[in-house]
């Protein structure tokens with residue numbers, strides 16, 4: 001999951017919706033605390049779950065507020081954003097702010113001791129957000145793991161990309177290149193998953209506020225799949241999309 005933004009009700013709704021699932025672990029891809037009314041409670045809840053956390057831009061901004069003393073916004077919107085950051089910082093305290101700043105921008109965890117999951121907030125390329133309708137193959141070409149999980153996008157998606165394998169080329173014993181061509185390996189599949197945002201946008205549906213999260217795991221065919229969930233906050237009614 002990603003983009004909880006201090007919304008404890010949305011986080012608890014997501015956790016309630018998957019309470020019947022035996023989870024190997026929980027990954028939260030950044031922007032954990034700024035924006036909601038319960039930032040400290042969200043932090044302690046994630047800690048109690050042993051969640052793997054990556055750092056988002058708003059997490060970095062919270063950690064950097066000490067270096068922005070005397071800043072004067074030039075617009076009312078900027079003033080409102082600064083006040084929101086200052087309220088969040090006051091609610092969570094200096095220790096949590098420092099811990100937010102120490103979170104890794106990228107982490108890799110094991111899915112099942114055979115396959116790896118890379119997680120980050122935005123994109124492995126320079127662009128901040130990974131979108132399905134972009135040159136996705138080029139932007140994830142550097143990922144060596146089996147699954148890439150990102151956040152920062154309200155609209156989740158899952159897409160399987162076939163990538164060529166990199167094969168090391170060895171010289172012959174005499175220092176000359178061997179005559180034989182290097183072995184050709186089949187393309188490897190990378191499952192790219194953007195998990196959407198836990199923080200719901202008010203009025204998205206007539207059912208109420210919708211939070212989003214994604215389950216990633218091994219299917220009956222032995223391959224890795226993603227199951228998306230639209231979760232009604234405080235209702236935990238779930239409709240699933242298979243990716």
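The values are calculated or read from the model by the stated rules, or taken from the named source; none is laboratory data. Bear in mind that the values here come from a model prediction, so they are computed numbers and not experimental data. All Cβ positions, glycine included, derive from the backbone under ideal geometry; neighbour counts span all protein chains shown.
Structure above, values below:
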item: In the range 63-77, the residues that are surrounded by 12 or more Cβ atoms within 10 Å (Cβ to Cβ) and at pLDDT 80 or above; result: 63, 64
item: Residue within the range 221-229 that is at pLDDT 90 or above and in contact with a helix residue (DSSP H, G or I) (Cβ under 9 Å, 6 or more places away or on another chain) present; result: no
item: Meets criteria (modelled with pLDDT under 85, out of contact with any strand residue (DSSP E or B) (no Cβ under 7 Å at 6 or more places or on another chain), on the phi < 0 side of the Ramachandran plot and surrounded by 12 or more Cβ atoms within 10 Å (Cβ to Cβ)) for residue 82; result: yes
item: Given (1) closer than 15 Å to residue 195 by Cα; (2) surrounded by 22 or more Cβ atoms within 10 Å (Cβ to Cβ), number of the condition residue 34 does not satisfy; result: (1)
item: Any hit, the range 89-106, residues being closer than 21 Å to residue 226 by Cβ, surrounded by fewer than 17 Cβ atoms within 10 Å (Cβ to Cβ) and touching a strand residue (DSSP E or B) at 6+ places or on another chain (Cβ under 8 Å); result: yes
item: Candidates 14, 21 - the one that is within 19 Å of the chain's Cα centre (by Cα) and in contact (Cβ under 8 Å) with a residue 40 or more places away in the chain; result: 14
